[in-house]
Amino acid sequence: MKISIITATWNSEASIADTQRSLAQQDYPRDQIEWVVVDGASTDRTVEKIKTGDFQPDKLVSEKDNGIYDALNKGVRLATGDVVGFLHADDFLASATVLNRISCAFKNSGAEALYGDLQYVAPQNGGSFRVVRHWESGVYYRKNLSKGWMPPHPSLYLKREIYEQAKLESGEYFETQYSCAADYDFMMRILGKSGVEPAYLRMVLVKMRVGGVSNRSLRHIITKSREDWDVIRRNNIGGLRTLVGKNLGKLGQFFC
């Protein structure tokens, strides 16, 4: 099973080495991993570091884009794997067995989609990371979508054909009118409207550095909440309770 991993980068020289290293350490066959890197014309040494790193991309594009979701759309168009997932430039795979376990879970479950758990981490002296939040996704039940439940998008892996089924009228996969909620909209479409039934792999798949776009400041939190509300209404799944549940449901992640 060929797995395409899409990484969007922009001025990511401080973190991209960990992303590459986590791919290089995978115990999954190298010829079954396709790494697609879409760089937004970085002005630092990101591209240089990628080209001299531990794991070389199969496809590398560096050009100006219209934000993260435009980059992800490009990446999906370039991907040719049986399964497609994302590994952002601030993230890294949690262990050397992640891709192997994902492949086995797809084969054993027969599912078209699969997700796992995620940890937010903060770097410490000596190159280690401290866990700040632990997002234990739990088993999927469609009724929980209206309660604000959603798997962490970086832990979501889909069969390639699901992306084709979920295309927007524009021909894109992610709605670029959103600055931080297009992944939520995409998941609402495939899980809610398309009725995709994902399998749950009960393990941490991805570790994400704290300070992402969606939670780095009050302004971004407000913007995300507004966009989430638009997504909820647009997909006609739930209401105000959904938005409240989506935000309050994250509080427990700080105490796991």
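Every number here is computed from the coordinates shown, using simple stated rules; none is lab data. On a predicted model such as this, the values are computed, not experimentally measured, just so you know. Don't worry about glycine lacking a Cβ; one is built from the backbone with ideal geometry, like all the others, and counts go over all protein chains shown.
The 3J(HN,Hα) values that the Karplus relation (6.51, -1.76, 1.60; θ = phi - 60°) gives for segment 116-133 are, in residue order, x, 9, 9, 10, 8, 10, 10, x, 10, 4, x, x, 8, 10, 9, 6, 9, 9 Hz. Gly and Pro appear as x. The simple spin-label model puts a point 7 Å past each Cα toward its Cβ; for Trp229 and Arg30 those points are separated by 5.1 nm. The modelled label-to-label distance for the pair Gln124/Thr80, using points 7 Å beyond Cα in the direction of Cβ, is 4.3 nm. Any idea what angle helix 68-78 forms with the longest principal axis of the chain, computed on alpha-carbon atoms, 0 to 90 degrees, nearest 10? Roughly 70 degrees, rounded to the nearest 10. Cross-link check: pairs Lys2/Lys49; Lys74/Lys207; Lys167/Lys246; Lys143/Lys167; Lys143/Lys246 evaluated at a Cα-Cα cut-off of 18 Å; pairs beyond the cut-off: Lys2/Lys49; Lys74/Lys207; Lys167/Lys246; Lys143/Lys167. Here r is the Cβ-Cβ distance between Val132 and Ser109 and R0 is 45 Å; the resulting FRET efficiency, rounded to 0.05, is 0.90.
Taking the C-alpha atoms only, the angle from helix 218-235 to the longest principal axis of the chain is near 60 degrees.
Each residue in Cys180, Cys104 was given a count of other beta-carbon atoms within 10 angstrom of its own, and listing them fewest first yields Cys104, Cys180. Taking other residues whose beta carbon is less than 14 angstrom from the beta carbon of Phe92, and scoring Lys, Arg as +1 and Asp, Glu as -1, yields -1. Given +1 at the Cβ of Lys and Arg, -1 at the Cβ of Asp and Glu and no other charges, the dipole of segment 3-255 around its Cα centre is 920 debye to the nearest 20.
Please state the equivalent ellipsoid semi-axes for segment 3-255: what are the square roots of 5 times the Cα gyration tensor eigenvalues, largest first, in whole Å? Provide the component values of the computation, followed by the final result.
Working: eigenvalues 135, 83, 77 Å².
Over the Cα atoms of segment 3-255, the semi-axes work out to 26, 20, 20 Å.
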